[in-house]
Every structure is written in structure tokens, then in C-alpha cells.
Amino acid sequence: MSNHIETDAIRTQTERSQFLEHSTPMYLTSSYVFEDAEDMRASFADEKQRNIYSRYSNPNTTEFIDKICKMEGAESGYAFATGMSAVFSTFASLLNAGDHIISSGSIFGSTQTMFKNILPKWKISTDYFKFNQLNTIESLIQPNTKVIYAESPTNPAVDILDLELLGQIAKKHNLLLIIDNCFATPYLQQPIKFGADLVIHSATKLIDGQGRVLGGVTVGKADLIKQIYLFSRNTGSALSPFNAWVLSKSLETLAVRVDKHCENALKVAEFLEANTNVNLVKYPFLKSHPQHALAKKQMKLGGNIIAFEIKGGIEAGRQFINAIKLLSLSANLGDTRTIVTHPASTTHAKLSEEERLEAGITPGLVRVSVGLEHTEDIINDIKQALES
Ligand SMILES: *Cc1c(COP(=O)(O)O)cnc(C)c1O
């Protein structure tokens, strides 16, 4: 009998020490001792699974990884210092020079930069498909294509990609499907169920959820994780035991936090939809969202990110941001504090107008990462800023 996600997030625990602690302590140790020469030999020969050095493994990182694996339905995993080190190490360990990636065009900015400017150093190239044109993927496949890569919901336009269809295409052509599941969290969506081979998280966002630490994790098929582990333990991108302890604790409250994030977000989205200063509101669990049915099929709830368009374009967007009083102006997301961003003049300012529109970023688009403050206080601040 398998447990529910909420229970796995709480009850998956490192073996207790001699002190029989109830809550897992922090193991701030860089290395571990051996019983004798034979123990030492067998450990280094990988004949037994045990901690040797915290770049390889540590009780806190292992507990964090085990939790994510159970929640995502994955066989195995490895934890990283940041979400980007998870993304980079996953590609760097699995791909060879000359390989080809097919990626969704709507992906996190640093991942975009990695595909465009960094992986080409090793002649690894990327072609892109639009979030709602998965039928074009097959035409992009080359003999050297290895991976299909996507995020859903997307940032910042909150579009939804059909994970089951992506899984079918990947399987048919024997390609790896890698999904960045950061926006949904393992509580709302489990891409492995739909055919993903690997799932990546930036734990910095909703998994920590309290704006304290950076972290990342990749989970999925054991043979792939083995390659990622052997690459990573030698290249030094390991998550620190302190951050792993924080993140493992955070998972214990993920379900209750994300439930409340989603409840607040739906109410804010409904308020925005009824406001006359707003053109368009995108939130996956609003009936008006173009992929509402798909969102309901693959997600438990709608997440905490809303995109909306203020009437009046880029100037109106900037004015709205300037009138915000309570909420934070920040580029981060997935915090207890509600965060408001104007992508066209900040996170995506370096793109051309055309590239922005391609990614669904209109001049008046505002992204809200809805936090855990009282719903009325969030709505009141947005309301006064829209009216000013
Ligand atoms: C933030 C983010 C990342 C990168 O994570 P870091 O922890 O900041 O390195 C990757 N993907 C998505 C979707 C993100 O939001």
C-alpha cells in the first residue's frame, strides 16, 4: 500500500541516530569514517551504499531526494545547489557533443540562455516549438535529437502544455522527455505519470516557499540518474546539507501551503477578471483560460501564478507597479509574500518586442506570484494600484 503525497512528504525520514530524535537533525559533516580497511575498500568500490563524502551524499540530501522521488513517483534522484545546476548537470551528463534538443519556446530565462549561448560551446543545438503547436515537434526531429524539454505551466504567460501528448511523441521516437515541474510542484502535477523520463525542480521556489534557500533536484529513471550522479559527484554541484535540511522540512508543509496559494490565486484571478482596467487574465483554473480543460486534467489545482494585461500597455504596466504598496516588487516567485513583476520592462527586457510577443509577453503583461497573506489584503492592494 502506498501512502498519499502529504504523508510521504512527512514520513519519509532518515534513519534515527542513537538519540532517537523525532525530527531529522542537521548532519553538518563534510565526510564520514569507516569501520576498517575492508569497509573502506567496499565503500569506494561502490559495493555498499553508504555516505563517504557530502559531495556524493549526505543524510539530509538523501532524505530530501527520497521525499521528492516518492512524491513524483520516481525511481531515483540527485539534489543540486540550485535549480539551474540541476538543469545544466542533467543536460551535461546525458548529452554528447553534437546532440540536438527540441525545447518548448516558453522556458525559464536562464535555461533559454543555456540552450542559446552555453551548450553550443559543445555543438549541442536546440530547436523550439510553440506551447500550443506540439504537432510541429516531429518535423524538428533530426538523427542526433536526444531530448524533448518543456515546462508547464509556462513562465510568465501561464500557458499549459499537454504532458501526455509530449510523453507519446517522446516514446514514439525514442527521445528522452525532461520536464521542469517547478511551477506546479510535485503536489499539483506528476509528469512521470504522463511519460516523462526525468523531472527537474528549482526547489528555490514553492518547495522552499519561504524565500530562504536555493536548491534543485532531478528525479526519474534510475539508469539516467546514475549517469547524472556520476557526473555531478565529480563536478561539484551538490546541494548543501543545511539547505537540504531546510528543504526537507519545507516539503512537510508543501501541501497545506500550496492549497492556500492556489485558493488565494483563484480569488485574485476572479477579482482581476471582473475589473474594467484589465484586458485579459490568465490563470489555469479560470474557466476562461484557453487550456482550462487540459489544466484540470493534468493538475490538481491551478498553481500560484497569474498573468494579466493592464489596459494602456507598457506605461500602464509601469504605473501599476509603482502604485503597489503592500506587495513586493521582485523577480522571484513562489514565496509566502505576494510578488508583482512587469516582465516587459524587467525579466524579459533584453528580448526584442517580437521575441517577447512570441513568448506571450505583451507590453502591459503583469505577473503575480500569489502568496499567503490574507486574500482581502492582496486584492485590496492590487485594486488600489489599478485605480490609481
Ligand atoms: C527559478 C527557476 C529555475 C532556476 O532555479 P534556481 O534555483 O534559481 O537556479 C528553473 N526553472 C524554473 C521554471 C524556475 O522558475
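The values are calculated or read from the model by the stated rules, or taken from the named source; none is laboratory data. No experiment lies behind these values; they were computed from the predicted model shown. Methodologically, a virtual Cβ is constructed for each residue, glycine included, from the backbone with ideal geometry; neighbour enumeration extends over all protein chains shown. Keep in mind that these areas ignore ligands, DNA and RNA; they rest on the heavy atoms of the full protein, side chains included. Shrake-Rupley method; radii C 1.70, N 1.55, O 1.52, S 1.80 Å.
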Name every residue in the range 19-28 that is open to solvent by less than 50 Å² (accessible area, probe 1.4 Å) and among the polar types (S, T, N, Q), in order of residue number.
Thr24
Scanning the range 263-282 residue by residue, those open to solvent by 10 Å² or more (accessible area, probe 1.4 Å) and not polar (S, T, N, Q) turn out to be Glu263, Leu266, Lys267, Glu270, Phe271, Glu273, Ala274, Val278, Leu280, Val281, Lys282
Cβ-Cβ under 8 Å, sequence separation 6+ or interchain: first residue in the range 200-219 and more than 13 Å from Ala244 (Cα to Cα) and open to solvent by 10 Å² or more (accessible area, probe 1.4 Å), partner assigned to a loop (DSSP other than H, G, I, E, B) and among the hydrophobic types (A, V, I, L, M, F, W, C). Which pairs?
Lys205/Cys182; Lys205/Phe183; Lys205/Leu333
Is the range 121-135 home to any residue that is in the same structural domain as Gly98 (by TED's automatic domain parsing), within 13 Å of the ligand (Cβ to nearest atom), touching a strand residue (DSSP E or B) at 6+ places or on another chain (Cβ under 7 Å) and farther than 19 Å from Gln298 by Cα?
no
So the check is Cβ under 6 Å with 6+ separation or different chains; which pairs have a first residue in the range 160-183 that's open to solvent by less than 20 Å² (accessible area, probe 1.4 Å) and a second one that's at pLDDT below 95?
Leu161/Phe131
Starting from the range 16-45, take each residue that is touching a residue at least 40 places away in the same chain (Cβ under 8 Å) and list its partners that are assigned to a loop (DSSP other than H, G, I, E, B) and surrounded by 12 or more Cβ atoms within 10 Å (Cβ to Cβ), counting only C-beta distances under 7 angstrom and pairs at least six apart or across chains.
Thr24/Gln13; Thr24/Thr14; Tyr27/Asn58; Thr29/Ser54
Criterion: in a strand (DSSP E or B) and within 16 Å of the ligand (Cβ to nearest atom) - qualifying residue of Ser103, Ser85
Ser103
Pairs, first closer than 10 Å to Phe80 by Cβ and touching a residue at least 60 places away in the same chain (Cβ under 8 Å) in the range 235-248, second open to solvent by 50 Å² or more (accessible area, probe 1.4 Å) and among the basic types (Lys, Arg), C-beta under 6 Å, six or more apart
Ala238/Arg55
